[in-house]
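Shown next, in structure tokens, is the structure this report addresses.
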Amino acid sequence: MFEPTSRYYAIETATLTTPDGRHIAYKRRRFLPQGEGMPLLVEVTVTAGDRLDLITARTLGDPEQYWRVCDANNAMNPAALTATLGQRLRVPVPQIEAEQAALRPAWLSGLGTSPTEGGA
């Protein structure tokens, strides 16, 4: 469903069964990690012309990994991270997907695979 480098890759896929018997697959909610707790690779200072995709291409080797920088800086709006020149951005050490799954709150582990099976 998602590439291994996607922020949604490690998120559980659940199924909703509608009253008419159709099965609809969906991804469970992604809980954001606490940025300050993520291992730091490097800090980058925003300069003129910087964009988040350029920063992640330079530091992580993949412009589509901008979401990792958003997570490490507790940012919900990616554009805000590069709006102020001189701002310092945390670039995290990329975590393997199993570690990302471990970041889910513990109470999620007891949920079923669909809302009709007792899930959320």
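Only the coordinates and a few stated rules stand behind these numbers; no lab work does. Fair warning: this is a prediction, and the values are worked out from it, not measured in the lab. Using ideal geometry, Cβ is built from the backbone for each residue, glycine included, and neighbour counts are taken over all protein chains shown.
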FRET efficiency, D62 to D20 (Cβ-Cβ, R0 30 Å, nearest 0.05): 0.10
The simple spin-label model distance between D53 and R29, using points 7 Å out along Cα→Cβ, in nm, is 3.0
Above 19 Å lies some portion of the pair distances; for the range 11-71, what is it as a whole percent of all C-alpha pairs? 52
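Starting from the Kirkwood radius over alpha-carbon pairs of the range 32-100, derive D by Stokes-Einstein at 10 °C in a medium of 1.306 mPa s and give it in µm² s⁻¹.
On the way: Rh = 11.9 Å.
This corresponds to a translational diffusion coefficient of 133 µm²/s.
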